[in-house]
Amino acid sequence: MDRPQAVLFDLDGTLADTAPDLADALNRLRAEHDMPPLPEQLLRRWTSNGTRGMLRVGFDLEPDDRRFPPLAKRYLAIYGSAPCVRTRLFPGLAESLDALEAAGVAWGVVTNKPRELAEQVLDGLGLSRRAACLIGGMCAAAPKPSPEPLLLACRRTRWTAAACVYVGDDERDIIAGRAAGMSTLAAAWGYLGDHGDVAEWQADGVVEHPAQLAEAILGAG
């Protein structure tokens, strides 16, 4: 791919390893219901699906269950009280961000996570002032896999969609990026959601490790 004007990142499982804090919040919620904790390793793959995924694995609930809304509200409250305690950038991501910025390539975040929670995570990681934009799950008319959040990011930054790359660890990220007219990269280091075979996502490229990201984006430029 040609060197882009900007790179947009999904947050959970792509830019940051948020699974430890998401898992801790779920286990705190389970403890309130006298349920034993679940292993973090078991919970990791569900974190890309947000509250829906966590309550599915933690309480065997789907969004149409009448118990879902109050549990979801409580889960988000618990998580929101400590969203960036054990969360870290994936190893190699800091260096990739530095390399993009050094090459004059701006970057931002488009996530289905509620914006106020995503903002707390970026603040905790020291990235808020570096990100050119932050689009959360309720900012656009519809969340990913709709392209609307990505197009909103372009409108706010005046970036051209065709000159942007979207990087994500879930198939819906690739669907959204393609629908927005962007180049797409699958983050194979991430949580990978319900459909873990990244080769089937039809992304423009697959990056196995965050340390390889900048080269994958800038190498042809």
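Filter the stretch 39-77 down to residues that are out of contact with any Leu (no Cβ under 7 Å at 6 or more places or on another chain) and either closer than 14 Å to Asp24 by Cα or among the aliphatic types (A, V, I, L, M) (or both), then give me how many there are. The number of residues fulfilling the criteria is 9. Surrounded by 24 or more Cβ atoms within 10 Å (Cβ to Cβ) and either over 20 Å from Asp21 (Cα atoms) or among the charged types (D, E, K, R) (or both), is that true of Ala176? Criteria met by Ala176.
Residues that are small (Gly, Ala, Ser), surrounded by 19 or more Cβ atoms within 10 Å (Cβ to Cβ) and out of contact with any Gly (no Cβ under 7 Å at 6 or more places or on another chain) within the stretch 21-52 comprise Ala23, Ala25, Gly50, listed in sequence order. When restricted to residues that are more than 20 Å from Pro114 (Cβ to Cβ) and buried (at least 22 other Cβ atoms within 10 Å of the Cβ), the stretch 141-158 contains 1. Restricting Ala176, Ala162, Ala153, Ala211 to residues that are in the same structural domain as Gly104 (by TED's automatic domain parsing) and closer than 20 Å to Gly92 by Cα narrows the list to Ala211. As an exercise: evaluate Gly13 against (1) surrounded by 23 or more Cβ atoms within 10 Å (Cβ to Cβ); (2) not assigned by TED's automatic domain parsing to the domain that holds Leu185 and give the number of the one condition it does not meet. Exception for Gly13: condition (2).
The set of residues from the stretch 1-57 being of a type in the set (A, V, I, L, M), closer than 22 Å to Gly190 by Cα and part of a helix (DSSP H, G or I) comprises Ala19, Leu22, Ala23, Ala25, Leu26, Leu42, Leu43, Met54, Leu55, Val57. Test Ser81 against the stated conditions and say whether it is surrounded by fewer than 17 Cβ atoms within 10 Å (Cβ to Cβ) and either without any contact (Cβ under 8 Å) to a residue 60 or more places away in the chain or within 24 Å of Glu116 (Cβ to Cβ) (or both). In short, yes. Taking (1) in contact with a strand residue (DSSP E or B) (Cβ under 7 Å, 6 or more places away or on another chain); (2) surrounded by 16 or more Cβ atoms within 10 Å (Cβ to Cβ); (3) over 18 Å from Trp46 (Cα atoms) in turn, Ala94 satisfies each apart from (1).
The values are calculated or read from the model by the stated rules, or taken from the named source; none is laboratory data. Since the structure is predicted, the reported quantities are computational estimates derived from the model, not experimental observations. Here Cβ is always computed from backbone atoms with ideal geometry, including for glycine, and neighbour counts include all displayed protein chains.
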